[in-house]
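Colleague: The structure follows.
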Amino acid sequence: MSKLKIFSVVFLIFVLVGLIIQIGNESKSNYTNDKIKFLNTNSKFSQVRVRDFMFYQCGDVKRIGGKKEFVENAPDELFRIDGAWYICLDSRAKPEKSKCNVLSLGVNHDMSFDEEMHSSFECRVFSFDPYVEDKKFKDLRDSDPSLNDSSILKVDDRWIFYRVGIIGQTNNTKDLSNLKIKDLISFDEILDLTKLRDKVIDVLKMDIEGPEKDVIKNLDMNYACKYIKAFVFETHVRSKFADLVKLEKCFRLFWRHTRFREGNSRGPTGHLAGFQNSEDWALKMKNFHNELNLAEFMFTNGELYFVNINFI
């Protein structure tokens, strides 16, 4: 082979290699740029930065409530049981006995939390549920025919049950002096109804089976940071990290129970959650688009317990 032909072949090889490298770099660059563009514009990713809520290490956590049989079957004092909630007793975050206020939104058939806050801390308790009455409230209604259609039941001077519920936002102002059973009112209207406006709420508990997203969306954080000591609530699939992160203006997470299953899984302490029955997990991975979506679920789905750092 002549020197000219050898030179031509070598030159052609260099050209081909150069083209391959250039195409590879362009492809890699395009892939990287497309991925960055996707991460920056896709709403699922832009709402999550794979981080947890800012945390407060509470030195004295107490479980409040739970039916007697569940309490007796719990292996320790902080084991999660049905109907129970947790409060932080550190410093000024602790409800001051006989001077505290508890607003309990969503009671269902278990008012044990409300009852223990009323008896142990002598708090003024305001219980709300539009659709369900615990036996204690039903017995009170049945004892007096004049209470048949009443939306308000007075248990005693420090405990009132309202057969109304909360809604995130409403354009229809209710006549608070003439509320009907199953009426839905805003958080602002609840403050006026209970006369809690501009008063410290030691515990705001919310278990309302879904609308919590809209309630939190419409929550005035300047007001909450000034008057709500602790905010404990249950979330559901509609709640996202981006919906809840506004609470970090003054609240810090101090306790959590993530729900890893769909449907019911029961034990001697009621419905099981988190790691209480790891052999019966019902977490369906097909429901999650990616690892960030899964992380968001683990951070936000279940019972979340926040304390206001302005009171610590």
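Colleague: Going Cα to Cα from K226, which aspartates and glutamates come in below 14 Å? Please leave out same-chain ones fewer than 8 positions away.
Modeller: Straight-distance partners of K226: D198, D202, E248.
Colleague: Protein chains only, probe 1.4 Å: how do H289, H118 rank by accessible area, largest first?
Modeller: H289, H118
Colleague: Got a sec? What order do Y227, Y131 fall in by accessible area at 1.4 Å, biggest, i.e. largest, first?
Modeller: In descending accessible area the options line up as Y131, Y227.
Colleague: Moving on. Heavy-atom accessible area of M285 with all protein chains present, probe 1.4 Å, nearest 10 Å²?
Modeller: 110
Colleague: Enter the accessible area of I312 (Å², nearest 10), with the probe set to 1.4 Å and all protein chains included.
Modeller: Only protein atoms counted, so the area is about 70 Å².
Colleague: When all protein chains stay in place, what accessible area (Å², nearest 10, 1.4 Å probe) is found for R63?
Modeller: Accessible surface of R63 is approximately 30 Å².
Colleague: Once Lys and Arg get +1 and Asp and Glu get -1 on their Cβ, which of G59, Y86, I166 lies farthest toward the positive end of the dipole of the range 47-167?
Modeller: G59
Colleague: In debye, nearest 20: dipole of the range 44-119 around its Cα centre with unit charges on the Cβ of K, R (+) and D, E (-)?
Modeller: 480
Colleague: Let's see if you can work this out: charge +1 on each Lys and Arg Cβ, -1 on each Asp and Glu Cβ, no other charges. What is the dipole magnitude of the range 130-217 about its Cα centre, in debye to the nearest 20?
Modeller: Around 20 debye, computed over the range 130-217.
Colleague: Hey, another quick one. For the ranges 176-186, 82-92, what's the packing order if you count other beta-carbon atoms within 10 Å of each residue, average per peptide, and put the highest first?
Modeller: So the peptides 176-186, 82-92, ranked by packing, come out 82-92, 176-186.
The values are calculated or read from the model by the stated rules, or taken from the named source; none is laboratory data. Since we're looking at a predicted model, the values are computed, not measured. A quick note on method: Cβ atoms are made from the backbone with ideal geometry, for glycine too, and the neighbour counts reach across all protein chains shown. Heads up: the accessible areas ignore ligands, DNA and RNA and are worked out on the full protein's heavy atoms, side chains in. Shrake-Rupley method; radii C 1.70, N 1.55, O 1.52, S 1.80 Å.
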